[in-house]
Each structure stands twice: as structure tokens, then as C-alpha cells.
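Q: Please see the structure below; I have some questions.
The values are calculated or read from the model by the stated rules, or taken from the named source; none is laboratory data. Predicted model, so just to flag it, every value in this text is computed and none were measured. Quick reminder, even Gly has a Cβ in these numbers, built from the backbone with ideal geometry, and neighbours come from all protein chains shown. Only protein heavy atoms, including side chains, enter the accessible area calculation; ligands, DNA and RNA are left aside. Shrake-Rupley method; radii C 1.70, N 1.55, O 1.52, S 1.80 Å.
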Amino acid sequence: MFPRRPPASLVAWLAGARGGGLLAVLANQCRFVTGLRVRRAQQIAQLYGRLYSESSRRVLLGRLWRRLHGRPGHASVLMAALAGVFVWDEERIQEEELQRSMNEMKRLEEMSNMFQSSGIRCQPPDPKSQTEGNEDSQGKEQPWEMVMDKKHFKLWRRPITGTQLYQYRVFGTYTDVTPRQFFNVQLDTEYRKKWDALVIKLEVIERDVVSGSEVLHWVTHFPYPMYSRDYVYVRRYSVDRENNMMVLVSRAVEHPSVPESPEFVRVRSYESQMVIRPHKSFDENGFDYLLTYSDNPQTVFPRYCVSWMVSSGMPDFLEKLHMATLKAKNMEIKVKDYISAKPLEMSSEAKATAQPSERKNEGSCSPARIEYA
């Protein structure tokens, strides 16, 4: 038999339901159910981790990601994070990105006859005119402003819409080293640890055999009193022999094997594109380069301070890179030839053959190559 009257505690709870008691219970219930589902997903991820190899998990996750991609809630991102793998289908640098960077170089060469020869100083284009292209005419981007004008080095900047940051563009030339040497020195991580005193850590985290893209983790000192910064980014390089160009593109990504560390400040907004145009060939002295760069170092300093640090630091870095190339050339330091070893120049059959060994070597995380930052 049920009592005729409900317990006093139940009556008190019902009386307080108007004040939010019922909503609080529902919210707690939702949190409880969500927590159960997250734990269940973690248990499933651990189970698949024990049952399948890393390569098998990547194939499985790739298929699931393609099915879930585009659905609300970013289920694919959550699934990838729980599974602890990196989804290359979303993050690899595409051919269009490489081509876009090379087109910028061609456009700049066409619009300005800057550095027509290595020993002639040419007038730089007006950054507020048609020099830097169609972005201004569309009203979507700010005009470029000249920051530094030297004989073999031009530096512009422009505000990034909606932020307090700048995007920077450098057009320069060198005549005493070859494009191949300059390109290889940028990519050789072991050598950079020797000539760049700011490097704390530098390593390749993962490679994509399909595109040649690589994920890298780079930790670097920042000027005192700022904390050191770390970057996790994907980069891809390509050699276009038909158009006599080399290109290196990178941008920030998230990778499950490199969680944010309390010791460093993670830079999450970062992009860099470097295009090299030899004056003659890859193995003869002399080339022009176009560098477009932006990042958010997440400092508390005013905008003009950050701009000054970048504007002064970028020429310093490029000169250190140049001197390191000269040193490698003159002292015959062993530097890997990335042009000859370019993965994208492999045939489809070679890729299929190389994939198992590449996957086998991924777990070692041995130092290999990195991009300039």
C-alpha cells in the first residue's frame, strides 16, 4: 500500500522546482549521460588500440572521418582526439596551396622588375598601388606598407583584418650561394640546432606518404622576459623543375601526440610560405626568394612592440640562415639533399612500396627536417 501523502522531502523538492530545482536535476542528468558516453568512447579507443596496429587504426579512422565530415558537432574532431591519431585528410597541405604561393612569386615578378639582376638595385613597387595584387581592389585586405628597403632585401607589412596583428612579406636575393644549398639548410633539423641558438627542441612528429607533408614540433626561446614558445605545424615542400621554382609552405595544426605544455606558450596561429626562384639553375649561385609570414605570439605587449620585434627579428634570422648556408658550403658540412629525395617525385608504385617502411619509422620520431619559422 502507498501512503496517502507523499514524504515531506518530496513535497519540499516539488515546491522548489519553480525556483530551478527541476532544471538543475535535468542539467545534472545531462552531464552524467555525457560523461558516460565520453568514458565509453575512451574505452572503445583503448580497445581498438590493443586490437589493431597503428596503420590499421589510421585506415579505420580515415573512413569514419569521411563519413562524419560535415556533420554538426564536429564529431570527427572529437573522435580523432579520443583515438589519439592525426587525420591527414583534413590537415595535409594541398597542391593548391603550393601553387598559390608560386603564383604570388610570378605576380610579383611581373608587376615589378625588382632584382632583374643580382647587382642592380631596382625601385620597389608602391605597396598601396597594384603592386600587391587584387586584394586591395576587392576591399578585403589592407594595403602593404614598406617597412625596410635595402639593396637586396625588401620588407612589407599589412594589418590582418579583425586582429591586432600584421602579415609580413619579404622579397630578397642572394648571389653567393646556390638555391639548392639555401633550401636544404632550411630543411635540415640537425644542422639548424647547431647554427640557431634559439632552438630548444626540433623534431618531425609524423609524415604523410601521400603528399609528403610533415608535422613538426618546434620549441624556441623568445626575448626576455617572455616565455619560450612552441609550434606544432604541418609543412610541405615541392620542387617545380618546369617553372624553375622551389616552395615551402607551413601552417599551425593540432596533433594528439604533442599536447600543450605548461612550460611553453603554444602558438596556434602561424603561417609561412617561402618561394625560391633560381637566377639560372638550382646548382648555380644566385636566386630570389619571396617569404610571406604571419603568426600570433600571444604576447601582452602593444602591437607596435610586437611589430618591431618581428620586423627586426626576421632580417636577423634570414641573415643567420644565409651565413649557415655559406658555412655549409665553404666547410662542406654534410647537409641532406631534400631536392633529390623529394617524396612527391616518387612514382605511385614507389609510394605503395615505401608506405610500410615509412609507417614503421614514424614511431621513432627521429630528427629529420624542418621548415624555417
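Q: Which residues does the label zone of I200 cover in segment 211-236, counting backbone N under 20 Å from a point 7 Å along Cα→Cβ?
A: Hits in segment 211-236 for I200 at 20 Å: 216-234.
Q: Pulled fully out, how much extra length does the chain show between E319 and E110, if you take 0.36 nm times their separation in residues and subtract their Cα-Cα distance?
A: 72.6 nm is the gain from fully extending E319 to E110.
Q: Could you report the accessible area of T161 in Å², rounded to 10, computed with a 1.4 Å probe on the protein chains as they sit in the structure?
A: 90
Q: A further question follows. Using a probe of 1.4 angstrom, how much of the accessible area of segment 144-226 is carbon and sulfur, in percent?
A: 56
Q: Follow-up question, since we're still on this one. Strictly over 23 Å apart at the Cα level, which of K194/K334; K150/K329; K194/K280; K201/K334 would you flag in this model?
A: Going by Cα-Cα distance, K150/K329; K194/K280 fall outside the 23 Å limit.
Q: Between W308 and D176, 0.36 nm times their residue separation minus their Cα-Cα distance comes to what?
A: That works out to 44.6 nm of additional length.
Q: While we're looking at this one, here's another question. Please give the peptides 269-276, 149-156 ranked by average Cβ packing (other Cβ atoms within 10 Å per residue), highest first, as a rough proxy for protection.
A: Highest-to-lowest ranking by the protection proxy: 269-276, 149-156.
Q: Just to be sure I understand the model, the point goes 7 Å from the Cα along the line to the Cβ. What's the resulting E254 to E95 distance in nm?
A: Distance between label points: 3.0 nm.
Q: Suppose R0 equals 35 Å. What FRET efficiency, 1/(1 + (r/R0)^6) with r the Cβ-Cβ distance, do D149 and N296 give to the nearest 0.05?
A: With a Förster radius of 35 Å, E is 0.85.
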